[in-house]
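Values quoted throughout were computed directly from the atomic coordinates according to the rules given, and no laboratory measurement underlies them. If you're wondering where the values come from, they're calculated on a predicted model, not measured in any experiment. Neighbour counts run over all protein chains shown; Cβ positions are idealised from the backbone, glycine included.
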Amino acid sequence: MKKLKLFIIFAFATIALSAYSYVAFERNQYPTLPEFLANKEKYQGRQAVLKGDIVDIRDGSFVFSSNGAEITVIFSQPVRKAVLGTSLVLGVYDKSGVFIASKVENLDYNYLKYLVSLFAIAVIAYYAKKEWRLGIPMGDKNA
C-alpha cells in the first residue's frame, strides 16, 4: 500500500510539472531557422541557438545549415568546421536575413561518441545476458 501511495504521489507530481511547463512557458520562444526565414520581421532581435553544420567560411561570416535551411552568420572571431560532429551557434536574428552570433561551439567527435556508446551498450548487454541468463527460469523445479 505504501508503494502505491508513493507511485500516485510521483505520478501526480510528474503530471503537475508537465502541466505547469505547458502553461507557464511561452510557445515558440526560440524559433527555428525556417520559421525565421519565413517571417523575418516577426522574429527580429530574438535570441536563438542553432545546431547544425558550417557549410562555408568567409571573411567575418560563415554559411550555416540547420533544419534544412541555410543562413549567413556574422561572427567576428575565426571559426572552423567541426570534426566528425556538429556546431552550436548562439546569437540574435536580424531582420536583414542574417544571424548575428555571439558564441560558436564545435561539438567535435560527437558522432564518434555515439558509435562508442552504442558499442559499449552492446558489450554490457552481452555480458549481462551471459552472466544472468535472462529468460531462463532459475532454481530447481523440485525444490
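Shown for the chain: lysine pairs separated by 8 or more places, or found on different chains, whose C-alpha atoms are under 13 Å apart, numbering 4. Computing Rg and the Kirkwood Rh from the Cα coordinates of the range 33-108 gives a ratio, Rg/Rh, of 0.94.
Take Gln77, project a point 7 Å from its Cα along the Cβ direction, then tell me which residues of the range 93-134 have their backbone nitrogen under 19 Å from it. Answer for this model: 93, 99-109.
Length gained on full extension, Trp132 to Phe10: 40.9 nm, using 0.36 nm per residue less the C-alpha separation.
Take every pair of alpha-carbon atoms less than 8 Å apart whose residues are at least six positions apart; their mean separation over the length of the range 22-110 yields a relative contact order of 27 percent.
The length gained by stretching the chain between Ala24 and Glu105 to full extension, at 0.36 nm per residue less their Cα-Cα distance, is 26.2 nm. Helix 2-24 axis versus longest C-alpha principal axis of the chain: approximately 10°, rounded to the nearest ten. For Leu90, the shell of other residues with beta-carbons less than 11 Å away shows a net charge of +1, using +1 for Lys and Arg and -1 for Asp and Glu.
The residue list Leu37, Pro78, Val89 was ranked by how far each Cα lies along the charge dipole of the chain toward its positive end, using unit charges on Cβ atoms, and Val89 comes out on top. Only one item in (1) 104; (2) 189; (3) 130 matches volume of the Cα convex hull per residue in Å³ derived from the coordinates shown, and that item is (2).
Taking Cα atoms only, the orientation of helix 110-132 departs from the longest principal axis of the chain by about 0 degrees.
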